[in-house]
Amino acid sequence: MKRKLWTREEEIVVFNLYCKIPFNKSSKFHPEVIRIANLIGRTPSAVNMKIGNFGRFDEKLKKNNITGLTNGSKLDEDIWNEFNEKWDTLAYESEMILQSLEQGKDLDTSIKVYGTDIERKVKVRVNQKFFRTAVLASYGGCCCITGLSTEALLIASHIKPWHTCSNDEKTNPHNGLCLNALHDRAFDKGFMTIGTDYKVHVSKDITDVFKGEIVDRYFYSYEGNTIILPEKFSPNKEFLEYHNDMIFENWKRG
């Protein structure tokens, strides 16, 4: 039987999945691998192998002494080169293909955004979904400061604030931290930051009515701790520098 060649759209969908599940947890038994395999008409083993093919291009995995599969197609490399670091394009195109598949429609190979308010809102929504899923997966579904792993309490926090980002920065998983809701708010408002050495730094301007007991427990106890680093999509140091320089204790510069 002639082997069915992979299409560009199928590979984009799997690259989307590559960004959304920890590499070391990918297997033919993973629920998302099985779901995507069913959507594109491939076996879970084939989808898991394709994830391994993408892994061979990932420099962060190599630095952690993790290697992907040594063999792969030219299309694998082309898709990696086309979409790696082009997060806005990857997020929107892959999520729209997934949406078409989930709705039982033919793959749309000519997805475009024409600029209407509705279409812009759709793009923001699907790209935010991609960003959240990729960031939470990269951190293993836990807050990088506390280790809290209740998903409903976790936020995919932008290091460089969303409103100051380019489109690619808004969806770039390297611009994300997985934080619990309390520390997300404190980080967003500049009451805490993460240094380029990945250590937590807390402002002295957080107060409580219990002689500092609550602040000590929930904030200062983490001062100087190294965050839990992700398997891939490590926080970009330029984004961390931006937060340190422009957001942390920014009210003091007014």
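The values are calculated or read from the model by the stated rules, or taken from the named source; none is laboratory data. Here the structure is a predicted model, which is why all the values come from computation and not from measurement. Cβ atoms come from the backbone with ideal geometry, glycine included; neighbour counts cover every protein chain shown. Please note that ligands, DNA and RNA were not included when accessible areas were found on the heavy atoms of the full protein model with its side chains. Shrake-Rupley method; radii C 1.70, N 1.55, O 1.52, S 1.80 Å.
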Quiz prompt | Projected label distance in nm at LEU69 and ILE228, using a 7 Å step from Cα toward the beta-carbon | solution = 3.0
Quiz item: Nearest 0.05, what FRET efficiency do PHE57 and ASP208 give at R0 = 51 Å with Cβ-Cβ as r?
Solution: 0.60
Quiz prompt | Relative contact order computed over the chain (Cα-Cα under 8 Å; 6+ residues apart), in percent | solution = 17
Quiz item: So what does the Cα-only Debye profile of segment 166-241 read at q = 0.22, 0.24, 0.26 Å⁻¹, as log10 I(q)/I(0), no solvent term?
Solution: -1.05, -1.21, -1.36
Quiz item: Could you give the dipole magnitude of the chain about its Cα centre, charging the beta-carbon of Lys and Arg +1 and that of Asp and Glu -1, in debye to the nearest 20?
Solution: 580
Quiz item: Going through segment 143-242, which chymotrypsin sites (Phe, Trp or Tyr not before Pro) have at most 13 other Cβ atoms within 10 Å and a DSSP loop state?
Solution: PHE210
Quiz item: For GLU77 and LYS4 in one chain, what is 0.36 nm times their gap in residues minus the Cα-Cα distance, to one decimal in nm?
Solution: 24.4 nm
Quiz item: For the pair ARG217 and GLU85, what calculated FRET efficiency results from E = 1/(1 + (r/R0)^6), where r is the Cβ-Cβ distance and R0 = 51 Å, to the nearest 0.05?
Solution: 0.80
Exercise. Report, ordered by chain and residue number, the lysines lying within cross-link reach of LYS189, taken as a straight Cα distance under 20 Å and ignoring same-chain residues fewer than 8 apart.
Key: LYS160, LYS170, LYS199, LYS204, LYS237, LYS252
Self-check item: Cα pair distances exceeding 26 angstrom across the chain, given as percent
Solution: 44
Quiz item: Taking GluC sites (Glu not before Pro) that fall in a DSSP loop and have at most 13 other Cβ atoms within 10 Å as cut points, what is the longest piece of the chain between them?
Solution: 86-222
Quiz prompt | Accessible surface, segment 124-254, averaged per residue in Å² (probe 1.4 Å) | solution = 49
Exercise. First compute the accessible area of the chain with a 1.4 Å probe, then give the percent of it belonging to carbon and sulfur atoms.
Key: 53
